[in-house]
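The values are calculated or read from the model by the stated rules, or taken from the named source; none is laboratory data. What you see is a predicted model, and the numbers here were worked out from it, not measured in a lab. Heads up, the Cβs are rebuilt from the backbone with ideal geometry, glycines too, and the neighbour counts pull from every protein chain shown.
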Amino acid sequence: MKMEQLHQEVVVVLNNVSNNSSHRNYTTYPYIEWAGTNLNKSLVGVMCCLSVLGSLTIFASYVSWKDIRTTSRKILLFLSISDFMIAASNLVGVLFPKNDNLSNPRNYYCVAQSFVTTSSSITSFMWTVTLAIYLYLAIVKSKQNLGRKLMPLFHIVNWLLGPIINAVALSKKRLGYATIPVSGGWCWIYHDPSKDTNTHYVLSDKEKFWIIIDGKGIEITVYTTICVIYGIIKYKLEKEVRQQQRFMDPEMCKLAKGADHKLILVPFLLVLGRSFGIIRFFIYMTSEPKLVVRLYWWEKALLTLQGIGDSSQGFLNCVLFCFFNPKVYANIKGAFRYYVCCGWCSFGDSETCWNGSLNNDPHTFVSNADTRPLIDGGYPTKHYGSQWK
């Protein structure tokens with residue numbers, strides 16, 4: 001009788017050991033623990049809210065003012081829609097704790113967030129490079145009509161690529177809770193923890209493949225491409241300004257330098273936002289990440305900065321293409337003064353208030369009217385005065 005009872009106890013212990021090895025407690029992963037801290041969640045949540053507001057600002061500016069409804073602004077509008085989806089999905093991931101879902105990493109909540117976030121990210125990458133390609137065609141090649149004709153193709157590729165990739169990943173059961181150190185704490189590519197050793201993460205070849213195909217590979221390719229394209233645009237415009245500099249007054253030269261700096265800021269800020277995730281990708285994909293008890297300070301910093309940067313695109317695009325654009329910024333400032341300041345002053349003349357809040361610049365900038373509402377603020381057109389040839 002005692003031998004039978006002892007045998008049953010041994011079986012129970014062996015089953016518990018087997019279960020623990022195949023279903024590791026996700027809360028023991030230091031990356032998951034840090035991503036779930038109040039500090040990290042607060043910082044990422046604030047950036048998500050800023051990106052949501054930034055995307056809504058771009059949308060509102062496009063709807064409100066007909067004179068900026070050009071093809072370039074339309075591309076920016078589509079980009080802001082995908083950025084809004086990214087920020088909103090990440091915000092949902094921050095607000096709703098996942099501790100109660102860790103026992104089932106492929107639950108519907110996590111899979112849905114992974115599908116929406118990753119598909120929106122790929123769509124955002126594609127519209128970002130589309131904007132760069134269109135500016136290249138319009139400014140460098142003076143073929144904005146070709147850019148407009150390519151818009152149907154851009155729509156097909158940009159809107160369908162992400163969902164198709166993730167539909168395949170979903171059918172392969174590759175979407176779920178990401179305990180891999182490459183992740184910023186979101187639901188993304190499911191990692192099977194049963195293959196991990198007591199000291200190291202073990203990423204299978206299939207997991208590495210989907211990490212590259214369903215995110216990082218497209219991301220790195222896109223941002224390398226836009227750096228090259230914006231570099232070519234900057235060189236072209238600098239060459240044009242040098243050739244016509246003797247016909248430009250000092251004010252125009254100053255404005256040209258300002259736009260030159262902006263063309264450096266555009267790729268720099270866009271790449272900077274995603275650079276922390278790319279750094280972590282190369283660190284952990286080129287080595288064997290250890291299952292450490294605690295993270296170093298720089299690992300915590302990179303993880304937090306990745307969470308902030310991955311959610312920052314809507315905010316950065318709003319800053320670059322709304323607040324750094326004199327025309328759009330003047331309209332936004334005028335609307336704010338009209339609806340807020342003048343609305344509180346019962347004795348104020350609303351028309352005077354609105355007109356006084358706008359900054360009507362007599363000069364015309366950039367190389368053509370179609371790109372002017374996007375990167376206005378520096379380069380003179382070839383029709384400035386009678387001295388342009």
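Residue-wise test of (1) modelled with pLDDT of 85 or more; (2) buried (at least 23 other Cβ atoms within 10 Å of the Cβ); (3) touching a Gly at 6+ places or on another chain (Cβ under 7 Å); (4) not β-branched (Val, Ile, Thr).
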position	(1), (2), (3), (4)
ILE86	yes, yes, no, no
SER103	no, no, no, yes
ALA112	yes, no, no, yes
SER119	yes, yes, yes, yes
THR123	yes, yes, yes, no
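Any chance region 229-242 includes a residue that's under 30 Å from SER119 (Cα atoms) and of a type in the set (Asp, Glu)?
Let us first name the residues in region 229-242 that are under 30 Å from SER119 (Cα atoms), namely 229-233.
Among the residues that remain, those that are also of a type in the set (Asp, Glu) are: none.
There is no residue in region 229-242 that is under 30 Å from SER119 (Cα atoms) and of a type in the set (Asp, Glu).
Looking only at region 303-328, count every residue that is closer than 25 Å to LYS74 by Cβ, over 11 Å from the mean Cα position of the chain (by Cα) and touching a residue at least 60 places away in the same chain (Cβ under 8 Å) and tell me the total.
Matching residues across region 303-328 total 7.
Scan region 63-81 and report the pairs whose first residue is over 21 Å from ILE156 (Cβ atoms) and touching a residue at least 24 places away in the same chain (Cβ under 8 Å) and whose second residue is among the basic types (Lys, Arg) and assigned to a helix (DSSP H, G or I), with Cβ atoms within less than 8 Å and a gap of 6+ or a chain change.
Listed pairs, sorted by first residue: ILE68/LYS327; THR70/ARG372.
What pairs come out if I take residues in region 279-301 that are over 22 Å from THR37 (Cα atoms) and pair them with residues that are at pLDDT 80 or above and of a type in the set (S, T, N, Q) whose C-beta lies under 8 Å away, six or more apart or interchain?
Once the first residue is over 22 Å from THR37 (Cα atoms) and sits in region 279-301, no partner that is at pLDDT 80 or above and of a type in the set (S, T, N, Q) comes close enough.
Pull up region 207-251, narrow it to residues that are over 26 Å from GLY176 (Cβ atoms), of a type in the set (Phe, Trp, Tyr) and at pLDDT 80 or above, then point me to the one that is surrounded by the fewest Cβ atoms within 10 Å (Cβ to Cβ).
TYR235
Considering only residues of region 10-68 that are touching a Pro at 6+ places or on another chain (Cβ under 6 Å) and at pLDDT 70 or above, which is surrounded by the fewest Cβ atoms within 10 Å (Cβ to Cβ)? So that I can check it myself, show each step before the final result.
Narrowing region 10-68 to residues touching a Pro at 6+ places or on another chain (Cβ under 6 Å): 24, 31, 68.
Those left that are additionally at pLDDT 70 or above: 31, 68.
Numbers: TYR31: 24, ILE68: 21.
Checking each candidate, the answer is ILE68.
Quick check on GLN306: is it at pLDDT 85 or above and under 19 Å from ILE211 (Cβ atoms)?
yes
Within region 146-164, can one find any residue that is within 28 Å of GLY36 (Cα to Cα) and of a type in the set (Gly, Ala, Ser)?
yes
Which residue out of ARG337, ARG294, ARG280 is at pLDDT 65 or above and touching a Cys at 6+ places or on another chain (Cβ under 8 Å)?
ARG337
Among (1) without any contact (Cβ under 8 Å) to a residue 12 or more places away in the chain; (2) among the hydroxyl-bearing types (Ser, Thr, Tyr); (3) surrounded by 16 or more Cβ atoms within 10 Å (Cβ to Cβ), there is one condition SER171 misses while meeting the rest; what is its number?
Evaluating SER171 over (1) without any contact (Cβ under 8 Å) to a residue 12 or more places away in the chain; (2) among the hydroxyl-bearing types (Ser, Thr, Tyr); (3) surrounded by 16 or more Cβ atoms within 10 Å (Cβ to Cβ) leaves (3) as the failure.
So VAL202 clears everything in (1) surrounded by fewer than 16 Cβ atoms within 10 Å (Cβ to Cβ); (2) out of contact with any helix residue (DSSP H, G or I) (no Cβ under 6 Å at 6 or more places or on another chain); (3) hydrophobic (A, V, I, L, M, F, W, C); (4) modelled with pLDDT under 80 except one condition, right? Which one?
In the conditions (1) surrounded by fewer than 16 Cβ atoms within 10 Å (Cβ to Cβ); (2) out of contact with any helix residue (DSSP H, G or I) (no Cβ under 6 Å at 6 or more places or on another chain); (3) hydrophobic (A, V, I, L, M, F, W, C); (4) modelled with pLDDT under 80, VAL202 misses (2) alone.
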